[in-house]
Amino acid sequence: MSIVNGFVLNNFTFEDNKSLISVFSKENGLINLYALGLQNEKSKNKYSTLKFSKSEFEIFQTKDPEKMSKLKTGKLIYGIDISTMTYEDYLYITTIFQVVEKTSNFGEVNIRKYKFVNDVFLAFVNHKDGRFPIFLYFMLNYLDFVGRKWNLVTCLKCNKRVNKFVDFNLKERQFICFGCEKKPNEDLKMELFIKTLEYFSFAKAGKIPVETYDSQVLVKINRILMDEYKNEVGLMTTSIGELSKGRFI
Ligand SMILES: [Zn+2]
């Protein structure tokens, strides 16, 4: 018997009472668990195995790669009730979970990634009113785990670390400094855009929702990030497709 802590990324039921639960865990990376009787009214594991839950599971772990570990008991730590969520929030959390599922491997342990997902999910659960920026914060910083981290530290042209950037190169996803651009930036939106990206790249997840943001700036960041995930990371999910449509403008 072993204990795993993790996030329920998916939950499929087949043949009435058999379920397959996909979990991104701290101890084992991505794992699939086989469970029986979750549909039963009296099942003690009903809530801990719902999609969008963080739970602690006691499992019968198999070392045989051909077989699947079996769920014994699950204890819900916290979760999100999708019935009380807006459609946009549903798309954000769905995308976050899909991105984690599609870019994680079975048995590949990554504590830094687990902690990042945990911080973002906790912030998402606790802040009903700041979920769009939390989503963007996740999508920007998760790029590090798929080898596509943006360089938001040095200037694209002179390679220097400067504290005054005035432009953003869309193709290279990198800032250009005041010295290289040779003209002052009079575009207030560009200034806010740069500030917001810089803030997202260093702030802690829990701090993200309390700031005030310019909605046009967030929409622009969303558009570039969705484009990055579709075209560079190569992830095209239904929710990324929906979020790419620019329906927030
Ligand atoms: Zn420069």
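Things worth noting here:
- Within the option set Phe145, Phe168, Phe135, being under 21 Å from Asn231 (Cα atoms) and more than 20 Å from the chain's Cα centre (by Cα) holds for one residue only, Phe168.
- Qualifying residue in segment 91-112 (condition: more than 30 Å from Asn141 (Cα to Cα) and among the aromatic types (Phe, Trp, Tyr)): no
- Residue count for segment 163-214, restricted to those that are without any contact (Cβ under 8 Å) to a residue 12 or more places away in the chain and of a type in the set (Ser, Thr, Tyr): 1.
- Scan of segment 1-19 for residues that are without any contact (Cβ under 8 Å) to a residue 24 or more places away in the chain and hydrophobic (A, V, I, L, M, F, W, C), ordered by number: Phe12, Phe14
- Restricting attention to segment 223-249, the residues that are under 12 Å from Phe132 (Cβ atoms) and assigned to a loop (DSSP other than H, G, I, E, B) add up to 1.
- Residue in segment 134-152 that is farther than 27 Å from Phe24 by Cα and within 16 Å of the ligand (Cβ to nearest atom) present: yes
- Yes/no for Leu50 being surrounded by fewer than 20 Cβ atoms within 10 Å (Cβ to Cβ) and part of a loop (DSSP other than H, G, I, E, B): yes
- Ile31 being under 20 Å from the mean Cα position of the chain (by Cα) and in a strand (DSSP E or B): yes
Values quoted throughout were computed directly from the atomic coordinates according to the rules given, and no laboratory measurement underlies them. Just so it is clear, the structure is predicted and the values come from calculations on it, not from any experiment. Positions of Cβ are backbone-derived with ideal geometry, glycine not excepted, and every protein chain shown enters the neighbour counts.
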